[in-house]
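Trainee: Let me give you the structure first, and then I'll get to my questions.
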Amino acid sequence: MASRPGTRRQETQRPGTGRQKAQHPVIELKDVRKTYRTGTVEFEAIRGVSLTITQGEYVAIMGPSGSGKSTLMNILGCLDVPTSGEYHLAGEDVSEMDEVDLAEARNRQIGFVFQQFNLLASLTAQRNVELPLSYAGVNRETRAELAKLALERVGLGDRTHHRPGELSGGQQQRVAVARALATDPALVLADEPTGNLDSTATADVLGLFDELHAAGSTVVLITHEAEVAGRAARVIHIHDGLLASDEVTAGVAS
Amino acid sequence: MRWGDILRSAWDAIRTHKLRSILTSLGILIGIAAVVLTVGLGQGAQKKVNDQLAALGGNLLIVSPGSSTSGGIRGGFGSSTTLTTADADALSSKTAAPDIANVAPVSSSASEELDNGSTNWTTTVVGTTSDWLTVRGRALSTGRFVDAADEKQASAVIVLGSDTASELFGPLDPVGQSVTISSVPYEVIGVLTSAGSDSTTNLDDQAIVPISTAQQRLVGGTSRTSVADIYVKATKDSRLSAAYQEANSILAYRHSVTSGSSTDFTITTQQSVISTTSSVSGTLTNLLIGIACLSLIVGGIGVMNIMLVSVKERTREIGLRKALGGTPAIIRRQFLSEASILGLTGGLLGVGVGIAAAEILPHFMSNPVAISVPWILLAIAVAIAIGVGFGVYPASRAAKLSPIDALRSE
């Protein structure tokens, strides 16, 4: 599946270059359901969600806790597979994939940004950014080059050899964004990226997402803060495992 | 992910937790060092036995008077002094004993003071025949050995051990010089090459005279024809038991032995003495190796323990690595590499400590330690195998973690 035509982008393509807005769907969910079973009790966390997100969109997914928001994020991030329904990510059907293929799909198609940054404390910023590239089997020289480019893009070109402990929260999240960009993924998936940041750093990181959006990246942001969601061009509300609303807003960058 | 990167990330993880890694390796280190050292001790003991065997000749029979198998009978004159030079001559018969190549009777040893002018040195003097050299597998560094003419004439000639010669003559060639024993001058006719020492005696500090000379001049008294031991060398190793039978029947006939209880001599083979010693030391060595292996297993459990803690503690990291594209196989490899690096480090250091101990130990105790390269390589391989073996379970636990749960863990 890794060699399916049209799904694998070339290594020479630099992050955020040459991608056009609104052509191919990056995410295509068709009646996706996810059921959890605890003993004999079944719980349907997602009860039939259909959703299309096209290339270059900046989408915020909102919902209260228990709404199925996290489950949806796990499925979108290929961390989990739906119980039923179809999920095509950048043209690939990931709903039937096994663990190994999912890991590869995550590696190639998705750049994660987490609430808790999830940087490895023992590694420098550059080596943290290199991590997904090393899992992709990219050689050391290319990896270093791509990591430096990604760090420059998030404004940390002079911090490549700093460890996370030597950086501020906002800078750490910027490193995490650089890590998400390094593989030039089809989708940047951010899970509460500003949840652990003060207002200055929040503005800083959100500005970065605006820049990514402006440069043509597809960004999906999961949040419960209306202020954060307001930056996106499209806001989707989840409630009780169903799409409650899906509205195109003005957004900042549009 | 490339192997280089997997090893690098394993090394990073080990470096991050320095103290923990050192302590974990320490368990392996102690185990491997103990194995290397005990094997070294065992092999050293074996080597010593083999050296003795080679020095004495593997096809050697020792006929001693009396029925006791202990060596203590050796110096005692009296009722059990039943062997004579005539017995030795009878054993030399090619027709009666075709499988016996050489026979060397040895007189009871006497501790005598040897004088060279103002220099004197007390050593053990024994009388024997020309075959002694062959039978004991010794050689001369200079001069000649006691010959048949010396025996016949009971000449006042003497052959010195290398240490004895240097004590008396220093660097000078002693051949042609004379030493006096109880005011009687003896001409030095040869010096033995160095043979080292066995467990009880220094083989290089002794003096040899013709057996007749010893019997007439040094021992005196009534036991002029008696000998302390007769060394018998078989024609070859495989004929040793035949030689044993021949010697036994010749002596039984000569001593009119009719039943087992009236046997007044004992024939021991060097082999039997040595195999007893080596089987005892072998048992001890095996016991020690067993204990060392137990400590290796304990070390391995230490690795497993730490790896399990490590997996637990780094759950988030594992989740992250999986989210970024780490497949279960790669995660497993990373943790296995970590465990085997710990094992390898412990193993290498353990071999180092073992070798160092093997160098130091002989200064404090008499046991020799032989370090052999194949065993060291095996020890290192075992150390890695222990790392991998005890790392499999923790690594599989890491590989099986669900990325969602792992990322959510605190």
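The values are calculated or read from the model by the stated rules, or taken from the named source; none is laboratory data. Here the structure is a predicted model, which is why all the values come from computation and not from measurement. Glycine gets a Cβ as well: all are built from the backbone with ideal geometry, and neighbour counts include every protein chain shown.
Trainee: Of everything in the range B:140-159, what is touching a helix residue (DSSP H, G or I) at 6+ places or on another chain (Cβ under 7 Å) and either without any contact (Cβ under 8 Å) to a residue 24 or more places away in the chain or assigned to a strand (DSSP E or B) (or both)? Give them in sequence order.
Mentor: Passing the criteria: B:Ser141, B:Val157.
Trainee: Limited to the range A:139-172, what total is found for residues that are touching a helix residue (DSSP H, G or I) at 6+ places or on another chain (Cβ under 7 Å) and either within 12 Å of another protein chain (Cβ to nearest Cβ) or closer than 25 Å to A:Leu102 by Cα (or both)?
Mentor: 4
Trainee: Could you please find all residues in the range B:9-31 being of a type outside the set (A, V, I, L, M), within 11 Å of another protein chain (Cβ to nearest Cβ), assigned to a helix (DSSP H, G or I) and buried (at least 16 other Cβ atoms within 10 Å of the Cβ)?
Mentor: Once the filter is applied, which keeps residues that are of a type outside the set (A, V, I, L, M), within 11 Å of another protein chain (Cβ to nearest Cβ), assigned to a helix (DSSP H, G or I) and buried (at least 16 other Cβ atoms within 10 Å of the Cβ), the range B:9-31 yields only B:Ser9.
Trainee: Got at least one residue in the range B:127-137 being crowded, with 16+ Cβ neighbours inside 10 Å and part of a strand (DSSP E or B)?
Mentor: yes
Trainee: What is the residue count in the range B:327-341 for residues that are crowded, with 21+ Cβ neighbours inside 10 Å, more than 14 Å from chain A (Cβ to nearest Cβ) and of a type in the set (Val, Ile, Thr)?
Mentor: So the count comes out to 0.
Trainee: If you take the residues of the range B:349-405 that are assigned to a loop (DSSP other than H, G, I, E, B) and either closer than 26 Å to A:Asn107 by Cα or not hydrophobic (A, V, I, L, M, F, W, C) (or both), which of them is farthest from the chain's Cα centre (by Cα)?
Mentor: We begin by selecting, within the range B:349-405, every residue assigned to a loop (DSSP other than H, G, I, E, B); these are B:364-372, B:401-402.
Narrowing the set further to residues that are either closer than 26 Å to A:Asn107 by Cα or not hydrophobic (A, V, I, L, M, F, W, C) (or both) leaves B:366-368, B:372, B:401-402.
On the way: B:Ser366: 11, B:Asn367: 8, B:Pro368: 7, B:Ser372: 13, B:Leu401: 54, B:Ser402: 57 Å.
Filtering first and then ranking leaves B:Ser402.
Trainee: Checking the condition within 24 Å of B:Gln215 (Cβ to Cβ) and surrounded by fewer than 19 Cβ atoms within 10 Å (Cβ to Cβ), which residue from B:Thr124, B:Thr119 passes?
Mentor: Values: B:Thr119 fails: within 24 Å of B:Gln215 (Cβ to Cβ).
Result: B:Thr124 is the single residue among B:Thr124, B:Thr119 that is within 24 Å of B:Gln215 (Cβ to Cβ) and surrounded by fewer than 19 Cβ atoms within 10 Å (Cβ to Cβ).
Trainee: If you check B:Pro98 against the conditions, is it at pLDDT 75 or above and crowded, with 23+ Cβ neighbours inside 10 Å? First the steps, then the outcome.
Mentor: Values: at pLDDT 75 or above: yes; crowded, with 23+ Cβ neighbours inside 10 Å: no.
When the stated conditions are applied, B:Pro98 does not pass them.
Trainee: On to the next question. Select from the range A:122-133 the residues that are under 22 Å from B:His17 (Cα atoms) and facing chain B (nearest Cβ under 8 Å) and list them in ascending order.
Mentor: A:Ser122, A:Leu123, A:Leu131
Trainee: Take the residues in the range A:109-121 that are more than 7 Å from every other protein chain (Cβ to nearest Cβ) and surrounded by fewer than 22 Cβ atoms within 10 Å (Cβ to Cβ); name whichever of them is farthest from the chain's Cα centre (by Cα).
Mentor: Ranking the candidates gives A:Ala121 first.
Trainee: Working carefully through the options B:Ser249, B:Ser279, B:Ser241, B:Ser256, find the one that is modelled with pLDDT under 80, more than 18 Å from B:Pro105 (Cβ to Cβ), out of contact with any Cys (no Cβ under 9 Å at 6 or more places or on another chain) and in a helix (DSSP H, G or I).
Mentor: B:Ser279
Trainee: I'm told B:Leu361 meets every condition in (1) within 18 Å of B:Ser25 (Cβ to Cβ); (2) in contact (Cβ under 8 Å) with a residue 24 or more places away in the chain except one. Can you identify the failing condition by its number?
Mentor: (1)
Trainee: Taking the residues in the range A:87-108 that are out of contact with any Ser or Thr (no Cβ under 8 Å at 6 or more places or on another chain) and in a helix (DSSP H, G or I) as candidates, determine which candidate is nearest to the other protein chains (Cβ to nearest Cβ).
Mentor: The residue in question is A:Arg106.
Trainee: Determine, yes or no, whether A:Ala136 is aliphatic (A, V, I, L, M), more than 14 Å from chain B (Cβ to nearest Cβ) and either within 19 Å of B:Arg321 (Cα to Cα) or touching a strand residue (DSSP E or B) at 6+ places or on another chain (Cβ under 8 Å) (or both).
Mentor: So A:Ala136 does not fit the description; no.
Trainee: Being more than 14 Å from chain B (Cβ to nearest Cβ), within 16 Å of the chain's Cα centre (by Cα), part of a strand (DSSP E or B) and closer than 14 Å to A:Ala186 by Cβ narrows it down to one of A:Ile61, A:Ile27, so name that one.
Mentor: On the way: A:Ile61 fails: closer than 14 Å to A:Ala186 by Cβ.
One residue alone meets the criteria, A:Ile27.
Trainee: Check B:Val303 against each of (1) away from every other protein chain (no Cβ under 14 Å); (2) of a type in the set (A, V, I, L, M, F, W, C); (3) surrounded by fewer than 20 Cβ atoms within 10 Å (Cβ to Cβ) and name the one condition it does not meet.
Mentor: So the condition that B:Val303 fails would be (3).
Trainee: Do the conditions hold for B:Arg314, that is, is it surrounded by fewer than 22 Cβ atoms within 10 Å (Cβ to Cβ), in contact (Cβ under 8 Å) with a residue 12 or more places away in the chain and within 14 Å of another protein chain (Cβ to nearest Cβ)? Talk me through it step by step, then tell me what you get.
Mentor: Numbers: surrounded by fewer than 22 Cβ atoms within 10 Å (Cβ to Cβ): yes; in contact (Cβ under 8 Å) with a residue 12 or more places away in the chain: yes; within 14 Å of another protein chain (Cβ to nearest Cβ): yes.
Taking the combined requirement at face value, the residue satisfies it.
Trainee: Of all residues being of a type outside the set (Gly, Ala, Ser) and facing chain A (nearest Cβ under 7 Å) in the range B:317-326, which is nearest to B:Phe390 (Cα to Cα)? Just the residue, please.
Mentor: So the first thing to find is which residues in the range B:317-326 are of a type outside the set (Gly, Ala, Ser), and the list is B:317-318, B:320-322, B:324.
From what's left, facing chain A (nearest Cβ under 7 Å): B:317, B:320, B:322, B:324.
Numbers: B:Glu317: 21, B:Leu320: 25, B:Lys322: 23, B:Leu324: 27 Å.
So, considering only residues that are of a type outside the set (Gly, Ala, Ser) and facing chain A (nearest Cβ under 7 Å), the one nearest to B:Phe390 (Cα to Cα) is B:Glu317.
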